[in-house]
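These notes concern the structure reproduced below.
Only the coordinates and a few stated rules stand behind these numbers; no lab work does. Keep in mind it's a predicted model, so treat the numbers as computed, not measured. For neighbour counting, all protein chains shown are included, and Cβ atoms are generated from backbone atoms with ideal geometry for every residue, glycine included.
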Amino acid sequence: MTNLGTPPGFEESRAEFINQGGQVAGKAWREQAGTGSGTPFLWDLRKGLTVFGSKKGISLTGLNNKGQVVGLKGSQPVLWEPVGGIRSPAWQGPL
């Protein structure tokens with residue numbers, strides 16, 4: 001088991017998905033976990049924790065083996081890539 005840590009400025013974090021490459025997607029909270037929507041992050045062995053900017057309100061639904069994280073912001077699907085950031089389908093560009 002590996003302790004992923006908590007991003008700077010956050011109090012708690014929780015892993016939600018892991019892919020075959022060992023990357024982990026999850027959420028971090030500035031307050032007690034389970035309160036508020038949390039902020040998504042991606043962890044990998046080389047880069048450590050990468051927080052998805054200030055994109056609160058995204059519910060994570062999966063992580064593929066390319067390191068792409070998918071989720072929902074409200075009812076709108078979103079895709080986060082390590083290069084390119086968060087965008088919405090029909091791939092309209094950044095949110």
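Starting from the Cα of LYS73, step 7 Å along the direction of its Cβ; do the same at GLU11; then give the gap between the two resulting points in nm.
2.6 nm
Starting with the highest mean, order 78-88, 20-30, 3-13 by the number of other Cβ atoms within 10 Å, averaged over the residues of each peptide. Walk me through the numbers before you get to the answer.
On the way: 78-88: 15.4, 20-30: 18.1, 3-13: 13.6.
So the peptides 78-88, 20-30, 3-13, ranked by packing, come out 20-30, 78-88, 3-13.
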